[in-house]
Amino acid sequence: RLQESRERLSVCSKLCYAVGGAPYQITGCALGFFLQIYLLDVAQVDAFYASIILFAGRVWDAITDPMVGFFISKTSWTRFGRLMPWIIFSTPFAIISYFLIWFVPDISTGQVMWYLVFYCAFQTLVTCFHVPYSALTMFISREQSERDSATAYRMTVEVLGTVLGTAIQGQIVGKVDTPCIESPFFTLTNSSVAMEELNMTHDTKSLTDTRNAYMIAAGVIGGLYILCALILLLGVREKRESSELQSDEPVSFFQGLKLVMNHGPYIKLIAGFLFTSLAFMLLEGNFALFCTYTLGFRNEFQNILLAIMLSATLTIPFWQWFLTRFGKKTAVYVGISSAIPFLIAVVVLDSSLFVTYVVAVAAGISVAAAFLLPWSMLPDVIDDFKLQHAGSHGHEAIFFSFYVFFTKFTAGVSLGISTLSLDFAGYQTRACFQPGQVNFTLKMLVSAVPVGLILLSLLLFKLYPIDEEKRRKNKKALQDLREESNSSSESDNTELASIV
């Protein structure tokens, strides 16, 4: 009991740890919901090149996760820890590159390269923040209950971060009307001369105001990024002894990677959440365009997004109680599947603002489950791995980084393909209305495809072997192993002392 008392985390420590997860979610939410529509309608990048930027940025983001995981595994411990220095040094450069993503350069050529370079740079730097932060879960306490509790705090703050990202970006940008061209594809001629005349009558001042609004939002989010990083660094202590057994021997990165990828529960877990993440990322990436053009709520989409995120934030505590009461696998089935009827309803029912808000609030409940459960279940897989490979340690960053790698890589492919499909459907940049083929494509991207991916993920979760009974057995076995290790160390120290 004394040992457990020492391992307990204070509420302040849990809150400071949780706040560290907000920058990734705030910036990720702003980019996920708004970058596509920003590139198409504000920066006026062609849909084909926008798909390249989004695809390449996401894929590069995925590649950097195992790279950072590798370098973290080679990092020596310092007085700040092994993970904290990565968070400290990446923060200022990440803020600069994030701001430049939302800046429209006054250059005739090279605009695509500008966004590609700074988008990839930001993804690299935010990975240098988030991978060590994610692995920090295993270094704040040995107690599984304390890690689960800290994860619940973290998920609550991270979903709150998505609310802030949506609110800041949406409300600041939403105050300015983004100008559009009245139905250019319905004009009698589609010649370049006609399009040029339409562009000349375009309100350039309004477009400048929109661009300024995006930069103001980027500045506010950058300030929050710095504040959250400072709270994390000042309020959390990285404990080396929390993750390692005293008898552990280090294993090389590639040996550790081979061990991790051969661990069955890990593969089954990431396979299930891979398709779940794909479903929600497709919804996230295309929802702003869907609300603007298909539903016709051009001036309301930011408020609809905010309703989703607020609903998700408020229901995180419910899902934490639910998984504690009924188990994590049950929470997966109930939580994620609850999104299906609402994803169908939003495209089947007639376009109504009231119905859309009801669907948004209901969908937010499922979003909360999708946020909480992967990060709550991954520590269980790591504990199971430690029991099977008690002689190796230091693989936490590999588990977390490759989980994020697979999710981001496939998300990059899907987002690039979805933007490219809009180009093939005939998406009209800066148009007030889109052709019927574009609206049909958007319906598929936010409803039919996500529903199919969710159903596939639920089938995969049936194969996941760590239920509540298995989790309790692992916890007890790991605790016995640590006590045995500590007792052996104390015995060796006593024997050495008697010899001296």
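Condition test on A56, is it modelled with pLDDT of 85 or more, crowded, with 22+ Cβ neighbours inside 10 Å and of a type in the set (G, A, S)?
When the stated conditions are applied, A56 does not pass them.
Scan the stretch 264-302 for residues that are under 25 Å from T27 (Cβ atoms), modelled with pLDDT of 85 or more and not hydrophobic (A, V, I, L, M, F, W, C) and report the count.
Number satisfying all stated conditions: 1.
Is the stretch 46-60 home to any residue that is under 20 Å from G285 (Cβ atoms) and basic (K, R)?
Scanning the stretch 46-60, I find at least one residue that is under 20 Å from G285 (Cβ atoms) and basic (K, R), so the answer is yes.
Only one of these conditions is not met by I382: (1) closer than 20 Å to M155 by Cα; (2) modelled with pLDDT under 80. Which number is it?
(2) is the only condition that I382 fails.
Looking only at the stretch 437-448, count how many residues are open to solvent by less than 60 Å² (accessible area, probe 1.4 Å) and within 17 Å of E284 (Cβ to Cβ).
The total comes to 6.
Name the one entry in G20, G110 that is surrounded by 20 or more Cβ atoms within 10 Å (Cβ to Cβ) and in the same structural domain as A152 (by the TED database).
Sole residue among the options that is surrounded by 20 or more Cβ atoms within 10 Å (Cβ to Cβ) and in the same structural domain as A152 (by the TED database): G20.
In the stretch 144-157, is there at least one residue being over 20 Å from the mean Cα position of the chain (by Cα) and at pLDDT 85 or above?
No.
Could you please find all residues in the stretch 60-82 being of a type in the set (A, V, I, L, M, F, W, C) and at pLDDT below 85?
Within the stretch 60-82, A62, I63, M67, V68, F70, F71, I72, W77, F80 qualify.
Taking the stretch 101-143, which residues are over 20 Å from the mean Cα position of the chain (by Cα) and farther than 30 Å from S51 by Cβ?
F139, I140, S141, R142, E143
Residues that are among the hydrophobic types (A, V, I, L, M, F, W, C) and within 24 Å of F424 (Cβ to Cβ): which helices (runs of 4 or more DSSP H) entirely in the stretch 32-138 hold 3 or more of them?
It comes to 47-73, 111-135.
With the stretch 266-364 as the region, which helices (runs of 4 or more DSSP H) entirely inside it contain at least 3 residues that are in contact with a Gly (Cβ under 6 Å, 6 or more places away or on another chain), assigned by the TED database to the domain that holds G174 and of a type in the set (V, I, T)?
Here the list is empty.
The values are calculated or read from the model by the stated rules, or taken from the named source; none is laboratory data. Everything numeric here is computed off the predicted structure, so don't read it as measured data. So basically every Cβ, Gly included, is an ideal-geometry build from the backbone, and we count neighbours across all protein chains shown. Ligands, DNA and RNA are stripped out before the accessible areas are found, and what is left, the full protein with its side chains, is counted by its heavy atoms. Shrake-Rupley method; radii C 1.70, N 1.55, O 1.52, S 1.80 Å.
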